[in-house]
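J.: Before I ask anything, let me first share the structure, which is written out below as structure tokens.
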Amino acid sequence: MASSAKTPALDNPNPAEDWTVVLPRRGKQKRNFHKVIIQERQKQEQLWTPADIETNPERESKLMQKIQTCIRKLENTSFWLKFLDQLQTPEIFDRFLKAVGSEGKMQMVIYGIGSIESYEPPRLQLSLAILMKRMFSWIGEVEVFDPVISLAESRVLTALGCSVLTVNEQGRRQALKPTMFFMPHCDAELYENLLEENWRHDLLSNMTLFGNSFEAYEQHVSECKILKLADSRKHILAIRQFVKELPIDSRKHIVAIRQFVKERSIDPFSDDLFRAFHGSSWHFFDIDPHSDLCDAKP
């Protein structure tokens, strides 16, 4: 999508009132087949408001305390230190600077975060994104969406400086400017939608993705040898030849921690770290404008 809708400030004491939805603007299309495409996309995009609109200052305060505690705990782990060290290696940092280019900023879009009120792994994922935002001045606006987000969670996310989308984009956001898609443990369908929407040299070059390993998807499809599965992953498989994938260095460290935890039944926070980030990789799309993406599709 060329633009996105955001959650307005929620100052009304009655949370069930004044919930407004702002629709993305769309330019007038000159050709009928363009109109058909737009209409189909509009059907797929779903206007969204929280299903859970019950909130109060106490609930929001408790959730904010949980998030702040999680951020402090994550900041003091060896996982964060290793993660930060990897981000600042030339292999990764130079790729970020190249992606940011003359824009100066890279927006962050967080899809599929889950319930930050109910579970620790989503809080850890959000905490990691917030720590990155605090650490690097070139990370700009942070937008968040998951259909399970409650009104209380939306308010807390807004207080933390994030914007909550009011349209379910289903991953179909065009990277018209440098964009980091933060999507650990999202469904494969979201990655597919994202890649399909950006299947152009200029759009893919604006993208950086933190999420499930595309290499792991490829291995899984190769082992299963199921045509339907391969077809449902066709963009993930096709992009493999154009993407530089860098697993987070801390993967082995997290696995070791998890084994240690299982053997001694201690420190559930470390096990939550494993569940939040295992199998995650950075994906950088540096595509030659002369390469044929159409031929790359299986």
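The values are calculated or read from the model by the stated rules, or taken from the named source; none is laboratory data. Not measured: the values here are computed from a predicted model. Counting neighbours? That spans all protein chains shown, and the Cβs are built from the backbone with ideal geometry, glycine included. Protein only, heavy atoms only, side chains kept; ligands, DNA and RNA dropped before computing areas. Shrake-Rupley method; radii C 1.70, N 1.55, O 1.52, S 1.80 Å.
J.: Say we look at segment 112-135 and pick out the residues that are assigned to a loop (DSSP other than H, G, I, E, B) and touching a residue at least 40 places away in the same chain (Cβ under 8 Å); which of these is nearest to ARG59 (Cα to Cα)?
T.: Top of the filtered list is GLU117.
J.: Pick from segment 217-264 the residues that are at pLDDT below 80 and among the hydroxyl-bearing types (Ser, Thr, Tyr): which of them is farthest from the chain's Cα centre (by Cα)?
T.: Here the residue is SER222.
J.: Moving to a separate point now. Which of the residues belonging to segment 146-182 are within 19 Å of LEU195 (Cα to Cα), open to solvent by 10 Å² or more (accessible area, probe 1.4 Å) and part of a strand (DSSP E or B)?
T.: Once the filter is applied, which keeps residues that are within 19 Å of LEU195 (Cα to Cα), open to solvent by 10 Å² or more (accessible area, probe 1.4 Å) and part of a strand (DSSP E or B), segment 146-182 yields only ASN168.
J.: Do you know which residues across segment 225-243 are over 22 Å from MET180 (Cα atoms), open to solvent by less than 50 Å² (accessible area, probe 1.4 Å) and not small (Gly, Ala, Ser)?
T.: Residue satisfying the conditions is LEU229 alone.
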